[in-house]
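Some notes on the structure that comes next.
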Amino acid sequence: MASNRVYHQTLSIRNHLAMSALSEESRQIVASLAHRIGANADIAAIARAIVSTLQGMDAALTPIIGHQGGAALYRRSLQLCTSRDPRLAVIYDRAQVAFDLAALKQVLLEQSEADALLFGEVMLTTFYELLTTLIGPSLTARLLRDVWETPLSDTPSQENSP
């Protein structure tokens, strides 16, 4: 029952985001996150998907801006998330200390599925937009292309053993 409710809330959030003028990149981020979460939209899957996406972003950016640069973008993105949706302030207050994704995952596991999903979509989009303002859209897209495309091309294999 809870999964059905979360699924419908997820659709509602996606419809809201689609209604606002989302860029192609934002749509790709939301689609990538939805793919990583999969059909079982429970809180553990949502938290894993958000954290793994942020890990991928950090890995892609560290050679260019260093870990401290990634941490600064993370903290600023968290701060901007709360200005976009005040409900995310609880997550911000508990996860802002450092670029500690294990701590973020723990905080997300304590949220409702809908709030965690909303946070993930807003956080990842905000991080992307912030990076774009710093280094430009073309370089941002090139640096993070693999983060968005990998899960979209990673379909689970259905091998039938003889």
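The values are calculated or read from the model by the stated rules, or taken from the named source; none is laboratory data. Values in this document were obtained by computation on a predicted structure and should not be read as measured data. Positions of Cβ are backbone-derived with ideal geometry, glycine not excepted, and every protein chain shown enters the neighbour counts.
The table for this structure:
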quantity: Residue check, THR140 modelled with pLDDT of 85 or more, under 16 Å from GLN28 (Cα atoms) and crowded, with 18+ Cβ neighbours inside 10 Å; calculated: yes
quantity: Yes/no for SER20 being at negative phi and at pLDDT 80 or above; calculated: no
quantity: Only listed residue being in a loop (DSSP other than H, G, I, E, B) and modelled with pLDDT of 80 or more, chosen from GLN158, GLN111, GLN106; calculated: GLN111
quantity: Residue within region 92-100 that is in a helix (DSSP H, G or I), modelled with pLDDT under 90, buried (at least 18 other Cβ atoms within 10 Å of the Cβ) and touching a helix residue (DSSP H, G or I) at 6+ places or on another chain (Cβ under 9 Å) present; calculated: yes
quantity: Region 38-86 - residue that is of a type in the set (Ser, Thr, Tyr) and at pLDDT 90 or above and, of those, surrounded by the fewest Cβ atoms within 10 Å (Cβ to Cβ); calculated: THR62
